Structures are given as structure tokens and as C-alpha cells.
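Written below as C-alpha cells is the structure these notes are about.
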Amino acid sequence: MTEEILSQHEIDALLSAITSGDMNAEELKKEEPKVRVYDFKRALRFSKDQIRSISRIYENYARLLTTFFSGQLRTYVNLSVASVDQIPYEEFIRSIPTMTVLNVYSVEPLEGRIIMEVNPNIAYSMLDRLLGGKGDGQTNVKNLTEIETLILSQLFEKSAVNLQTAWESIVEIDPVLEDFEVNPQFLQLVSPNETVVVVSLNTQIGEVSGLINICIPHIVLEPIISKLSVHYWMETGTKERNPESFKKLKNHIENVQMEVKVHLGETTIKLNDLLYLKENDVISLNQLIEDPLTLLVNNTPKMLVQPGKLRKRLAVQVLEEIKGGGDNDG
């Protein structure tokens, strides 16, 4: 029950009515209970906190898609989250056009599937750009050929990696495009009354704008609902609280490729001498044999080493680190 705050004028009028006898104070105590209508078909199964977490995930997803589609379509693209709502699945199906572009993804290991509904204007603008046009979106959905369907489905299949990246802070998923449809009546993912979260993305491609709607059934999110909270998000910043993320970051860093080489020395010779070099000729370097050599990592001096052999192979032994070896030292 909501409380209403009376103004000073209303309070004075109320007191005056009671004093004059026009209103009985006992009748004021007999306030009728206020009844709020509850629609069981629209059961709210996600808290506001969880909806905010989903919104944060898809804000990141929108940024990733902006970069991805800009590169694929070679034109100005911008996506942003317009709204995040929880509604019955039946209401979602009724809200989208009768002929549209529907991409259905599985998201293992989570159960169920999610839908990405792309407004026809946006989808046909993408298709036009991919086929070398200006992307004005003037295409009829009923005229999609098998080749055009294949081109569009391949585009959205490639974009699945962005969905994986957006969710990786919560759960590791493997999105796979399983179905491509143009008629929502052919899709019956869950029961009509099942609660779904619908994320709407404002999308602009060149001069064409429209919505991309992402439908996530409750069955998909149910196993990870506990992670969709502010408390969980605040805990993911340290190694101890989020060992999996730390391990993944550590593995990525350890697998970074670097160029390592040893500088044997330098010398200056005449061009004529260089042109007439032959086998067994000796070139004198400015490096003394007893002096250590310099080891470079990505062309930055990092260590002093001495040459030698290890199991019949040429090798170097590290003597000491070069302090201040480049701007990226450490």
C-alpha cells in the first residue's frame, strides 16, 4: 500500500471538517484495503537486481556487436540497449512482425535456446551491404533466396563469438546458430506463459535504424540466477574469489608469442667487400669474445647472456637482467 502525503491546505481542511462535525473521525479509521491486481500470466520471476545485471551484460554485447558489424559491413554501425523487460513468451511473439529475421542459438551448457529477432529493415540493410549495395534496406522478406538466406545466416553465425565474450564473466557458453527463420509462428521454444527476458537493442546501420530483440527464456537463465546479482559481480575482481577467471587470464598471458633473439655484434664493411663475400670468409665484429651478448625481446634489450651449447644445440645462458631495458620493462 502506498502512502500519500497531504499538503498543509488538505490537512487544515480535514481538521476543519472533523471539528464542524461534517466528518466522523471513526470513519477515517475504517479505510478500505487497497487491492492490486496481479496477473499470474505475467509472473515476475527476475528481481530488479538481476535485470540490471542482464542489462550490463548486453550493454557490453552491444559494444562488441557494434565493432563486429562495422568491420563486416564496412559502414557506420551503432548498437545500444534500449530496454530490458520480462514478459510472457506469447507476448514477445505477438510483438514482433509477422515476417522478420529470427536467429535461434543454443547456448550449451545451459539448457534451452535463445532468439535474436532482427528487424527486417536492419536485416536487409545488412544483406544489401554484404552484396555491395548502399544498405538502404529496401528488400522484401518474402523474396529471400537460398543464397541470401545463407549469406545472412553466416553473418549471424560469425557474430556468436561476441555473445560468448559478453557472458564469459558469468558463465562459459558455446553459442551455436541452430535455426534461421522468417516467420515467428514456426518457433515454439517454450510454453506461451513462460517468462522470458527480452533485451531490445537500438540499431543503426548507415541511415537505416531499427531494433534487434533478444529473447532469453527463464529455463536458460535458471541455473545461473544466483550469479545475476550485484554481490556476485563485486566478488569477481580478485583471484581468490574468482579463480577460474584468474586462471584463464594467466593462461592467455603465458601463451603470448614473443620474438627473442641474441645480438652477436656489429661491424662496418665496404659494399664492394660485401658483394664478394664467399664461403669461409671471416667478418670481424666489434664484440669481444669474453664480453656478454645482449638478448632482445621484441627488439628491446632485456638480458645479458653468454653463448654455449645444450644437447648439441646452440644456446645462451642468462647472466643478468638489464635494468630499465625499454619502456615496457618488467
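Return the subset of K247/K323; K227/K247; K48/K227; K261/K323; K227/K248 for which the Cα-Cα distance in this structure is over 23 Å, preserving the input order. Too far apart for the 23 Å limit: K247/K323.
Residue order for F180, F69, fewest other beta carbons within 10 angstrom first, comes to F180, F69. Taking the number of Cβ atoms within 10 Å of each Cβ as an exposure proxy, the fewest-first ranking of H218, H263, H252 is H252, H263, H218. Sorted ascending by nearby beta carbons within 10 Å, beginning with the fewest, D136, D273 become D273, D136. In percent, rounded to a whole number, the relative contact order of the range 39-128 is 21, using alpha-carbon pairs under 8 Å and six or more apart.
Label separation (I147 vs N280): 6.7 nm, computed from points 7 Å beyond Cα along the C-beta direction.
Could you calculate the FRET efficiency of E181 with I253 from 1/(1 + (r/R0)^6), where r is the beta carbon distance between them and R0 is 56 Å, rounded to 0.05? Working shown, then result.
Values: r = 42 Å, r/R0 = 0.75.
Using R0 = 56 Å, I get an efficiency of 0.85.
Based on C-alpha pairs under 8 angstrom that are at least 6 apart in sequence, the range 48-251 has a relative contact order of 32 percent. Working from Cα pairs under 8 Å separated by at least six residues, relative contact order for the range 260-321 is 29 percent.
Only the coordinates and a few stated rules stand behind these numbers; no lab work does. What you see is a predicted model; the values in this text were computed from it and never measured. All Cβ positions, even for glycine, are placed from backbone atoms using ideal geometry, and neighbour counts span all protein chains on display.
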